[in-house]
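First comes the structure, then the notes that go with it.
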Amino acid sequence: MTARFARRGEHLQLTMSEAEHELLRALPDELRELYEDDSGTDEARERLFPRAYLDPTEEHAEEEWQQLVHPELLRDRLTALAQVTSSLERAAVGRRGELTVDLSPDEVSAFLGVLNDARLALGTRLGVSDDTDLADLEVSLAQRGDPRAPMTAVYSWLTYLEGELVEELLAGLPEEGEDD
């Protein structure tokens, strides 16, 4: 895993390999398809757009909430996908042959949302929970010849990359007691 984020003033710079760049470029199309599937049968989509009312007797309230809030949630997510796509199109070859792109604060926010949604969707498809040992899951799926085995590697990488982004954002916050 070579992808990393580094602070560059108000911006963050994402540095990645060509393979990582291609994987990131595929995420918006995959997520767009998931976002726009309103069949109600996809657990991953349900994870990204959960019900507001879990009580089945509140179905009318749930429908109203979905009508009021869902279009805006969908629009915001589609906007984030477009920002990530646009950002990745600007990637340039750096000094060591890696690809780099400078991200504005808005683009950083979009990346964080897209990475998180991709992780949640993949995690749902893999059955990942707080108690899941990813290394054990990857070995188990590979031993059984399960076609989901490569998805665990992607899930692990997305987890790593999201963690790198969060760490870089936290490092940029003022220390407790410091003035802005």
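Hey, could you check the stretch 88-108 for residues that are of a type in the set (Gly, Ala, Ser) and in contact with a helix residue (DSSP H, G or I) (Cβ under 9 Å, 6 or more places away or on another chain) and say which is farthest from Thr2 (Cα to Cα)? Here the residue is Ser104. Any residue at all in the stretch 136-148 that's crowded, with 16+ Cβ neighbours inside 10 Å, touching a Lys or Arg at 6+ places or on another chain (Cβ under 6 Å) and part of a helix (DSSP H, G or I)? Scanning the stretch 136-148, I find at least one residue that is crowded, with 16+ Cβ neighbours inside 10 Å, touching a Lys or Arg at 6+ places or on another chain (Cβ under 6 Å) and part of a helix (DSSP H, G or I), so the answer is yes.
Considering only residues in the stretch 1-23 that are surrounded by 15 or more Cβ atoms within 10 Å (Cβ to Cβ) and charged (D, E, K, R), the one that is nearest to Pro105 (Cα to Cα) turns out to be Arg4. Any residue at all in the stretch 28-45 that is under 16 Å from the mean Cα position of the chain (by Cα), surrounded by 13 or more Cβ atoms within 10 Å (Cβ to Cβ) and under 28 Å from Gly172 (Cα atoms)? Yes, because at least one residue in the stretch 28-45 is under 16 Å from the mean Cα position of the chain (by Cα), surrounded by 13 or more Cβ atoms within 10 Å (Cβ to Cβ) and under 28 Å from Gly172 (Cα atoms). Scanning the stretch 87-134 for residues that are closer than 16 Å to Glu18 by Cα and of a type in the set (A, V, I, L, M) turns up Leu88, Ala91, Ala92, Val93, Leu99, Val101.
Selection within the stretch 73-107: residues that are among the hydroxyl-bearing types (Ser, Thr, Tyr) and not in a helix (DSSP H, G or I). The member of this set that is surrounded by the most Cβ atoms within 10 Å (Cβ to Cβ) is Thr100.
To keep it simple, each residue is scored yes or no on (1) aromatic (Phe, Trp, Tyr); (2) free of Cβ contacts under 8 Å to residues at least 24 places away in the same chain; (3) closer than 30 Å to Gln67 by Cα; (4) assigned to a helix (DSSP H, G or I).
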{"site": "Phe5", "(1), (2), (3), (4)": "yes, no, no, no"}
{"site": "Leu14", "(1), (2), (3), (4)": "no, no, no, no"}
{"site": "Ala19", "(1), (2), (3), (4)": "no, yes, no, yes"}
{"site": "Ala26", "(1), (2), (3), (4)": "no, yes, yes, yes"}
{"site": "Asp29", "(1), (2), (3), (4)": "no, yes, yes, yes"}
{"site": "Tyr35", "(1), (2), (3), (4)": "yes, no, yes, yes"}
{"site": "Thr41", "(1), (2), (3), (4)": "no, yes, yes, no"}
{"site": "Ala44", "(1), (2), (3), (4)": "no, no, yes, yes"}
{"site": "Ala52", "(1), (2), (3), (4)": "no, yes, yes, no"}
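Does Ala61 satisfy the condition of being at pLDDT below 95 and in a helix (DSSP H, G or I)? Steps first, please.
On the way: at pLDDT below 95: yes; in a helix (DSSP H, G or I): yes.
Here the answer is yes, as Ala61 does meet what is asked.
Selection over the stretch 149-175 of residues that are in contact with a Lys or Arg (Cβ under 8 Å, 6 or more places away or on another chain), touching a residue at least 40 places away in the same chain (Cβ under 8 Å) and surrounded by 12 or more Cβ atoms within 10 Å (Cβ to Cβ) gives a count of 5.
Has the stretch 67-81 got any residue that is within 18 Å of Leu12 (Cα to Cα), of a type in the set (D, E, K, R) and out of contact with any Phe, Trp or Tyr (no Cβ under 9 Å at 6 or more places or on another chain)? The answer is no; no qualifying residue exists.
Confirm whether Thr124 is free of Cβ contacts under 8 Å to residues at least 40 places away in the same chain, among the hydroxyl-bearing types (Ser, Thr, Tyr) and either assigned to a helix (DSSP H, G or I) or touching a strand residue (DSSP E or B) at 6+ places or on another chain (Cβ under 7 Å) (or both). No; evaluated as a whole, the condition is false for this residue.
The values are calculated or read from the model by the stated rules, or taken from the named source; none is laboratory data. The model shown is predicted, which means the values in this text are computed figures rather than measured ones. Because the Cβ atoms are built from the backbone with ideal geometry, glycine has one as well, and the counts that use them run over all protein chains shown.
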